[in-house]
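Notes follow once the structure below has been shown.
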Amino acid sequence: MTEILAVDGGPPLRSRPWLDNFTTGDAERQAVLAVLDSGYLSLFEGSHTPDPPFAFTGGPAVHRLEDLAAERLGVPHVVSVNSATSGLYAAIGALGLGYGDEVIVSPYTMSACAAAPLVYGAIPVFADVEDGGSLSVAAVAARLTPRTRAILVVHQFGIPADMDGLLALAADHQLKVIEDCAQAWGARHRGRPVGTLGDIGVFSFNVNKTIQSGEGGLCVTRDADLAYRLQLIRNHGEAVVGPAGYDAITNIIGYNYRMTELTAAVACEQMRRLEDLNRQRLELVAQLSEGLARYDCFVPPAGRPDCDSTYYVYPLRYLAGHLGQRPRAELVKALNAEGILFYQGYVRPLYLQPLYQRRQAFRHGYPWSAPENRDSQPDYSPGSCPTAERLHNHEMIINEHIRPPQSSGDVTDILGAVDKVLGAWGQARSAPPRDWSGPRSDEIG
Ligand SMILES: Cc1ncc(COP(=O)(O)O)c(C=O)c1O
């Protein structure tokens, strides 16, 4: 006998609450207490810059975090900041981008990626994404103009973007590459940590991320001058360039993006937990993908061949339109009623925000109205990135409970609810289970 769905008045499959992103434990507690006991909640220290009262290289915890990240990621320079948003802004600034420049960005990501060029007067140009959610190389190529200076690529959902194609394009057109790795801690592209392939990589420690210290971020780079510029932008750089004798002062007007000792102490301990947290996360993803692959209407995330994805959230595609299924909204409503939290889509493609529709970041329509940007009037019209719109409006459903401290019993609940709802709607499972994982790295020539 078919069970009555919760959406039709039956009992929900799950009433237990889901657990938030609790990743901290005794190590973080001890680290915070040590900072509190020291009395130094933030420390400037200036040993690497010439004017100690104004320079900030951070205290011992900040140095420890930056050294640890440098070692783990295999990069010479790490500059901590107080968020990935700050890190993206600092990256655009450090690369010297501004009025008259265009930066190619993804429309299907967090808003700061497109705001970062704008705050320096550069124009974001949105290129469409692949079905997996990251920038499409062909779409980027189609949006290049003589004013394009950089690509800001996001390893969306923790799945490495097509860096081979994007880096080749960047090399051909002398473009800078910023990698946004906020959602991709521990992900690798052909064995190399994401964030270390372009000019600057940016990571986030915000409360929802795989590892977190409430807020916080890192910029990583192989270039010593870029690292110095990032450091200056992090801390009122205009005040120190004189004594430092640093001549390339454009964009060095600075902010306060400093990370506190308390935050750094927590972030350090979180870095040590990364492999374990990712291992647990990947086990949950594997279980969920295997279960969902039994249904033709679902396309579980496939990752990218020869790359290691780490899945910040679970981006599932539901092919309602192709298969005569019920609409996505109905599926999500029914699953939510069962106590299983799926969201419809990720974020509305960014160019549909009023900011882009009205081309007004600052007064008088700046920076679009600036004389230097006269020739930069990219297409922000609805339909201009059709894949992003299809994913957001029709196909993608997102679940975030593939992260610890959730466990396999929780994923069993998710799958149970899917079976219950689709079973009640007469949707048969297909067999045998589909191979969701893509080829292993050792199977690729
Ligand atoms: C892809 C992406 N970039 C940037 C950010 C900004 O991170 P933060 O909250 O550390 O500023 C986020 C956070 O949601 C993100 O998901």
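Values quoted throughout were computed directly from the atomic coordinates according to the rules given, and no laboratory measurement underlies them. Just so you know, these numbers come straight off a predicted model, no measurement behind them. Positions of Cβ are generated from backbone atoms using ideal geometry, with glycine treated the same way; all protein chains shown enter the neighbour counts.
So the values come out like this:
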| item | result |
| --- | --- |
| Filter pass, Ala227 being more than 15 Å from the ligand (Cβ to nearest atom), crowded, with 18+ Cβ neighbours inside 10 Å and within 24 Å of the chain's Cα centre (by Cα) | yes |
| Helices (runs of 4 or more DSSP H) wholly inside the stretch 245-352 that include at least 1 residues being surrounded by fewer than 23 Cβ atoms within 10 Å (Cβ to Cβ), of a type outside the set (Lys, Arg) and within 25 Å of the chain's Cα centre (by Cα) | 261-292, 328-337 |
| Hits in the stretch 223-244 (condition: part of a loop (DSSP other than H, G, I, E, B) and over 27 Å from Ser38 (Cα atoms)) | Asp223, Val240 |
| Single residue of the stretch 84-120 satisfying the filter (in a helix (DSSP H, G or I) and closer than 24 Å to His394 by Cβ) that is nearest to the ligand (Cβ to nearest atom) | Cys113 |
| Residues (touching a strand residue (DSSP E or B) at 6+ places or on another chain (Cβ under 6 Å) and β-branched (Val, Ile, Thr)) located in the stretch 82-110 | Val103, Ile104, Val105, Thr109 |
| Qualifying residue in the stretch 79-87 (condition: over 23 Å from Gln174 (Cα atoms), free of Cβ contacts under 8 Å to residues at least 40 places away in the same chain and either touching a His at 6+ places or on another chain (Cβ under 8 Å) or hydrophobic (A, V, I, L, M, F, W, C) (or both)) | no |
| Test set (1) closer than 21 Å to Ala69 by Cβ; (2) out of contact with any helix residue (DSSP H, G or I) (no Cβ under 9 Å at 6 or more places or on another chain) - Leu323 fails condition number | (1) |
| Members of the stretch 198-215 that are surrounded by 24 or more Cβ atoms within 10 Å (Cβ to Cβ) and among the hydrophobic types (A, V, I, L, M, F, W, C) | Ile200, Val202, Phe203, Phe205 |
| Residues satisfying the stated conditions in the stretch 359-395, i.e. over 26 Å from the mean Cα position of the chain (by Cα), outside any helix (DSSP H, G or I) and among the charged types (D, E, K, R) | Arg374, Asp375 |
| Test for Glu372: is it farther than 28 Å from Leu5 by Cα and either surrounded by fewer than 18 Cβ atoms within 10 Å (Cβ to Cβ) or of a type in the set (Ser, Thr, Tyr) (or both) | yes |
